[in-house]
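The values are calculated or read from the model by the stated rules, or taken from the named source; none is laboratory data. Note that this is a predicted model, so its numbers are computed, not measured. Note that each Cβ is placed from the backbone with ideal geometry, even for glycine, and that neighbours are counted across all protein chains shown. The accessibility values were calculated without ligands, DNA or RNA, using every heavy atom of the protein model including side chains. Shrake-Rupley method; radii C 1.70, N 1.55, O 1.52, S 1.80 Å.
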Amino acid sequence: MSTNEPGPPSPDAERIQNTLTDRCPEYRAQLAPGPGDAVVPATAVLDPAWLGARLAESGRRYRTGDARVAAILWWYSASTVLLTPALATYAVTGRAVDPRPEATVLFVRRDGLPSGARSTAAVGGTPSEAGAALGLGIAAYVGALADAAPVRPRAAWAIAVDTVAGVLLRAGTTGGEPEAATALAAPLVAAAAQAAGLPVPRPRYVDFGRTRFVHRTSCCLLYRAPGQPMCTSCPGRRPEDRAEDLARLARGLAR
């Protein structure tokens, strides 16, 4: 498999991503490779040998021999990296870059974890256009993951939907407009589902005071790796315990 960097990005894609990093400098590190990072086309994720090596690294990182757990943990972090350029640009600038693998450059740390990504193309500015590209990109990645590991596509899509909700929430919080950014989640996911031809969960949020969290429907399976806890917002927890801990966290963040 070739890991050469794709051709030069379109001027529109560069302008949109530079506007994002000018307005929100926090994204600069995610849209550029770090020291020692490998730069590969995101189509590498579709290559069984390349993806298999990353999933094996995930298993070693979390000390698990369960291929499903290793794959889900990798996808949980990789989906955020792969989808952030498109979602953050759309939430902050009103224009989205293309999240599909053929239009995305991926930055990979020495330990195999994706550290960032950048798009080489722009897509239309409506939720239906941006969401359709999002759906096609997610479908390609989920298909590759399901072929490489014992992962149900429905579970991988649930993680992707929570990722969409989480990336939009972060972008809105960073840009100072969390309500406007999170309002994009439902139409984007609806358009993504239509483009992929699949029923997927709805993105959801929950508020505690003035603090908003993603109401997750997916589980990253971290607690199934040796010595790892169950996440605070895990849907596998008792609802009352999850709500109590999120409320406590919100109070701490409000101080």
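For the range 52-68, take each phi angle, set θ = phi - 60°, evaluate the Karplus expression 6.51 cos²θ - 1.76 cosθ + 1.60, and give the result in whole Hz per residue in order, putting x for glycine and proline.
x, 5, 5, 5, 5, 4, 4, x, 5, 4, 9, 6, 10, x, 7, 4, 5
Work out how much length Tyr223 to Arg28 would gain on full extension: take 0.36 nm times their residue separation and subtract the Cα-Cα distance, in nm to one decimal. It would help to have the intermediate numbers written out before the result.
Working: separation 195, 0.36 × 195 = 70.20 nm, distance 3.14 nm.
Difference between extended and current length: 67.1 nm.
Skipping prolines and chain starts, which residues have an amide H placed within reach, meaning under 5 Å, of the one on Tyr205, given they are 5 or more residues away or on another chain?
So Tyr205 has HN proximity to His215.
Taking amide H atoms as placed 1.01 Å from N in the peptide plane, list the residues 5 or more away in sequence, or in a different chain, whose amide H sits under 5 Å from that of Ser115.
Phe107, Val108, Arg109
Expected output is a single nm value to one decimal: the length gained when fully extending between Asp245 and Arg152, i.e. 0.36 nm times separation in residues minus the C-alpha distance. What is it?
On the way: separation 93, 0.36 × 93 = 33.48 nm, distance 2.94 nm.
Taking 0.36 nm per residue and subtracting the Cα distance, the gain is 30.5 nm.
Based on Cα coordinates alone, diagonalise the gyration tensor for the range 65-115, multiply each eigenvalue by 5, take square roots, and list the semi-axes in whole Å, largest first.
So the three semi-axes of the range 65-115 are 25, 12, 9 Å.
So what's the convex hull volume per residue for the Cα atoms of the range 172-248, in Å³?
Given the Cα convex hull of the range 172-248, per-residue volume reads 128 Å³.
For the pair Asp111 and Asp12, what calculated FRET efficiency results from E = 1/(1 + (r/R0)^6), where r is the Cβ-Cβ distance and R0 = 25 Å, to the nearest 0.05?
E between Asp12 and Asp111, to the nearest 0.05, is 0.15.
Of the listed values (i) 21.1, 66; (ii) 20.6, 60; (iii) 17.5, 51, grab the one calculated as Rg and Dmax of the Cα atoms in Å from the structure here.
Step by step, Rg and Dmax of the Cα atoms in Å for this structure corresponds to label (iii).
Over the alpha-carbon set of the range 127-255, divide Rg by the Kirkwood Rh and report the Rg/Rh ratio to two decimals.
Numbers: Rg = 15.6 Å, Rh = 15.7 Å.
Value, to two decimals: 0.99.
Output the relative contact order of the range 141-254, whole-number percent, from Cα pairs under 8 angstrom with separation of 6+ residues. If you can, show how the numbers build up before the last one.
Working: 115 pairs, mean separation 23.7, N = 114.
It rounds to 21 percent for the range 141-254.
³J(HN,Hα) across the range 130-137 via Karplus (A = 6.51, B = -1.76, C = 1.60, θ = phi - 60°), whole Hz, x for Gly/Pro?
Per-residue couplings from phi come out as 5, x, 5, 5, 4, x, 5, x Hz.
Determine ³J(HN,Hα), in whole Hz, for all residues of the range 28-43 in sequence, where each value follows from phi through the Karplus function 6.51 cos²θ - 1.76 cosθ + 1.60 and θ = phi - 60°; x replaces Gly and Pro.
Coupling constants for the range 28-43: 4, 5, 8, 9, 8, x, x, x, x, 5, 7, 10, 10, x, 5, 5 Hz.
Within the range 158-177, list the residues whose amide N lies under 14 Å from a label point set 7 Å along Cα→Cβ of Thr232.
Zone members listed by number: none at all.
How much of the accessible area of the range 138-255, in percent, comes from carbon and sulfur atoms when a 1.4 Å probe is used? Intermediate values should be presented prior to the final figure.
On the way: 3180 of 6040 Å².
Reported share for carbon and sulfur atoms: 53 percent.
Suppose the chain between Glu102 and Ala38 were pulled fully straight at 0.36 nm per residue; how much longer would it get relative to their current alpha carbon spacing?
On the way: separation 64, 0.36 × 64 = 23.04 nm, distance 1.71 nm.
Here the answer is 21.3 nm.
Give me the percent relative contact order of the chain, please, defined on Cα pairs under 8 angstrom at least 6 residues apart.
This gives 19 percent for the chain.
No other cysteine beta carbon under 4.7 Å away is the test; run it over the chain and list who passes.
Cys24, Cys219, Cys220 - these cysteines have no disulfide-compatible partner (Cβ-Cβ under 4.7 Å) in the chain.
For the range 24-147, what is the accessible area per residue in Å², given a 1.4 Å probe and the full set of protein chains?
Numbers: 4370 Å² over 124 residues.
For the range 24-147, the solvent-accessible area averages 35 Å² per residue.
Carbon and sulfur: what percent of the range 1-78's accessible surface (1.4 Å probe)?
53
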